[in-house]
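**Student:** Dumping the structure here so I can ask a few things about it.
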Amino acid sequence: MSKQISKEEKLEELHPMDKWLRSERMPHIWCPGCGIGPTLYAWARALDRVGIDKDKVVYVSGIGCSGRGSGYLNVDGFHTTHGRAIPFAIGIKLAKPELCVNVISGDGDLFSIGGNHFIHACRRNDDLLVICINNFIYGMTGGQLAPTTPRGQYATTAPYGNIEHPFNTPHVADASGAVYVARWTSIHVRRLEKSIAEALTMKGFRYIEVLSPCPVNYGRRNKLPEPDDIAEWFRQSSVVRNGADTSEVQIEKDKPLILGNFVKRVEKLTYYEGLKKLEERVRGAR
Amino acid sequence: MKIFRGEIHVIKERCKQCRLCINLCPTQVLQESEEVNEKGYHLPELIEEPEKGKICVACGFCQIICPEYAIWVEEKKEETPTEKK
């Protein structure tokens, strides 16, 4: 009886995001206050804003909390093996160059096990939009130390504080040759939407880092146990500096978070275009 | 000048009580209600105090910040009674 009522309610009341969602799978498994939801909504609104056909959108995700996203969204999605989201996306782009291929994955997937794929895709300038949802920790497996955990912060495998230097991921992307590099948080949703829309209109390897709250596994161990605490931290300590030098945007404990659209390079030859030119030169124009 | 007014809709079974909509609302018009959903989470509700200037202006921030896609805002169609200039 109660089920029937809730179904009727569902039909009556639909969130504007529902046209992008597989609504029958809602509610999703992400924790209360997770930043993946707002990020995916910002991405969907950016696709609407640019006006890309839903049938041309491909969403490739890796392993981790954010990997679940490809199952929840009603676009062509692939949940790939750990760290191999970018190689899979490169394959899709080479086989079907007309598609808009997006990789939305976590920091552990893109920078730990998939680190080499990331820098080499930047170097070759594969035509992909990569969104890294950075929650500073391995959230799904229980809060282990990630390559992006700031120094001095706590994790399950760093109970006395982290002594490792973390990745400065926009700098990695910039130094490897990405054409577009930006960083926002999942609280700055409107600017994130604009940034993603700008990236969608470009060609080449585009990288956007989204700082995301993980209250359950990162916040709880670092005196930020509620979703509001992390939202407040993002709000109080973010400084927007568009065009900032990416070598100076390292995330450090008790230092401001520098956000903005950092790099916008002149578009250069993508890997697929280079391959086409090579084919023409070697085999002759068909 | 037209004053935008909005009304909120909550999809009850999706809410997980993270309180982001309540705390990040620019006009602070959302509150935790007594009502709970089937999992025991308290849902947000709209409490407007027009005499103090606390009204929902349909900015839609709760809608885009909600991690669960549970709350959304609809702009009210009818004209609000405008006060004399």
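The values are calculated or read from the model by the stated rules, or taken from the named source; none is laboratory data. Predicted model only: the values in this text are computed from it and were never measured. Quick reminder, even Gly has a Cβ in these numbers, built from the backbone with ideal geometry, and neighbours come from all protein chains shown. Just the protein is used for accessible areas: all its heavy atoms, side chains included, with ligands, DNA and RNA removed. Shrake-Rupley method; radii C 1.70, N 1.55, O 1.52, S 1.80 Å.
**Student:** For the stretch A:91-106, name all the residues that are under 22 Å from A:ALA46 (Cα atoms) and assigned to a helix (DSSP H, G or I).
**Tutor:** Those that are under 22 Å from A:ALA46 (Cα atoms) and assigned to a helix (DSSP H, G or I): A:ILE92, A:LYS93.
**Student:** Given B:ILE71, B:ILE8, B:ILE22, which one is within 19 Å of A:GLU226 (Cα to Cα), within 14 Å of chain A (Cβ to nearest Cβ) and touching a strand residue (DSSP E or B) at 6+ places or on another chain (Cβ under 7 Å)? Full working, then the answer.
**Tutor:** Numbers: B:ILE71 fails: within 19 Å of A:GLU226 (Cα to Cα); B:ILE8 fails: within 19 Å of A:GLU226 (Cα to Cα).
Sole residue among the options that is within 19 Å of A:GLU226 (Cα to Cα), within 14 Å of chain A (Cβ to nearest Cβ) and touching a strand residue (DSSP E or B) at 6+ places or on another chain (Cβ under 7 Å): B:ILE22.
**Student:** From the list A:PRO97, A:PRO38, exactly one residue is at negative phi and within 14 Å of chain B (Cβ to nearest Cβ). Which is it? Don't jump to the end; show me each part of the working.
**Tutor:** Values: A:PRO97 fails: within 14 Å of chain B (Cβ to nearest Cβ).
Going through A:PRO97, A:PRO38 in turn, the sole match is A:PRO38.
**Student:** Is it the case that the stretch A:244-254 has a residue that's of a type in the set (S, T, N, Q), open to solvent by less than 50 Å² (accessible area, probe 1.4 Å) and either within 22 Å of A:ILE90 (Cβ to Cβ) or out of contact with any His (no Cβ under 7 Å at 6 or more places or on another chain) (or both)? If you could, list the steps in order and put the result at the bottom.
**Tutor:** Restricting attention to the stretch A:244-254, the residues satisfying the condition of being of a type in the set (S, T, N, Q) are A:246-247, A:250.
If we keep only those that are open to solvent by less than 50 Å² (accessible area, probe 1.4 Å) as well, we get A:246.
Next cut, either within 22 Å of A:ILE90 (Cβ to Cβ) or out of contact with any His (no Cβ under 7 Å at 6 or more places or on another chain) (or both) only: none.
Scanning the stretch A:244-254 turns up no residue that is of a type in the set (S, T, N, Q), open to solvent by less than 50 Å² (accessible area, probe 1.4 Å) and either within 22 Å of A:ILE90 (Cβ to Cβ) or out of contact with any His (no Cβ under 7 Å at 6 or more places or on another chain) (or both).
**Student:** Additional query: Consider B:CYS62 carefully, then state whether it is within 26 Å of A:THR39 (Cβ to Cβ), assigned to a loop (DSSP other than H, G, I, E, B) and not small (Gly, Ala, Ser).
**Tutor:** Values: within 26 Å of A:THR39 (Cβ to Cβ): yes; assigned to a loop (DSSP other than H, G, I, E, B): no; not small (Gly, Ala, Ser): yes.
Answer is no for this residue.
**Student:** Can you say whether A:ILE63 is in a loop (DSSP other than H, G, I, E, B), under 15 Å from the mean Cα position of the chain (by Cα), touching a residue at least 40 places away in the same chain (Cβ under 8 Å) and more than 14 Å from chain B (Cβ to nearest Cβ), as far as the supplied structure shows?
**Tutor:** On the way: in a loop (DSSP other than H, G, I, E, B): yes; under 15 Å from the mean Cα position of the chain (by Cα): yes; touching a residue at least 40 places away in the same chain (Cβ under 8 Å): yes; more than 14 Å from chain B (Cβ to nearest Cβ): yes.
For A:ILE63, the condition - in a loop (DSSP other than H, G, I, E, B), under 15 Å from the mean Cα position of the chain (by Cα), touching a residue at least 40 places away in the same chain (Cβ under 8 Å) and more than 14 Å from chain B (Cβ to nearest Cβ) - is met.
**Student:** A further question on this structure: Looking only at the stretch B:43-61, which residues are under 26 Å from A:LEU224 (Cα atoms), open to solvent by less than 60 Å² (accessible area, probe 1.4 Å) and more than 11 Å from chain A (Cβ to nearest Cβ)?
**Tutor:** Hits for the stretch B:43-61 are B:LEU43, B:PRO44.
**Student:** Now a separate question. Output the residues belonging to the stretch A:107-125 that are assigned to a loop (DSSP other than H, G, I, E, B) and free of Cβ contacts under 8 Å to residues at least 60 places away in the same chain.
**Tutor:** From the stretch A:107-125, those assigned to a loop (DSSP other than H, G, I, E, B) are A:114, A:125; that's our starting set.
A:GLY114 - this is the single residue of the stretch A:107-125 that is assigned to a loop (DSSP other than H, G, I, E, B) and free of Cβ contacts under 8 Å to residues at least 60 places away in the same chain.
**Student:** Out of the stretch B:25-42, which residues are of a type in the set (A, V, I, L, M) and over 11 Å from the mean Cα position of the chain (by Cα)?
**Tutor:** Going residue by residue through the stretch B:25-42, those that are of a type in the set (A, V, I, L, M) are B:29-30, B:36.
Across the stretch B:25-42, the qualifying residue is only B:VAL36.
**Student:** If A:TRP43 meets every condition in (1) over 15 Å from A:GLY77 (Cβ atoms); (2) of a type outside the set (Val, Ile, Thr); (3) open to solvent by less than 10 Å² (accessible area, probe 1.4 Å) apart from one, which number is that one?
**Tutor:** Every listed condition holds for A:TRP43 apart from (1).
**Student:** Residues in the stretch A:198-210: is at least one away from chain B (no Cβ under 12 Å), in a loop (DSSP other than H, G, I, E, B) and closer than 13 Å to A:GLY260 by Cβ?
**Tutor:** No; the residues of the stretch A:198-210 include none that is away from chain B (no Cβ under 12 Å), in a loop (DSSP other than H, G, I, E, B) and closer than 13 Å to A:GLY260 by Cβ.
**Student:** Determine which member of the set A:SER186, A:SER212, A:SER176, A:SER238 is modelled with pLDDT under 95, open to solvent by less than 50 Å² (accessible area, probe 1.4 Å), small (Gly, Ala, Ser) and within 18 Å of A:PHE118 (Cα to Cα).
**Tutor:** Details: A:SER186 fails: within 18 Å of A:PHE118 (Cα to Cα); A:SER212 fails: within 18 Å of A:PHE118 (Cα to Cα); A:SER238 fails: within 18 Å of A:PHE118 (Cα to Cα).
So the residue among A:SER186, A:SER212, A:SER176, A:SER238 that is modelled with pLDDT under 95, open to solvent by less than 50 Å² (accessible area, probe 1.4 Å), small (Gly, Ala, Ser) and within 18 Å of A:PHE118 (Cα to Cα) is A:SER176.
**Student:** Also, I was wondering about something else. Identify all residues within the stretch A:19-33 that are surrounded by 18 or more Cβ atoms within 10 Å (Cβ to Cβ), facing another protein chain (nearest Cβ under 7 Å) and without any contact (Cβ under 8 Å) to a residue 40 or more places away in the chain; write none if there are none.
**Tutor:** Hit for the stretch A:19-33 is A:TRP30, nothing else.
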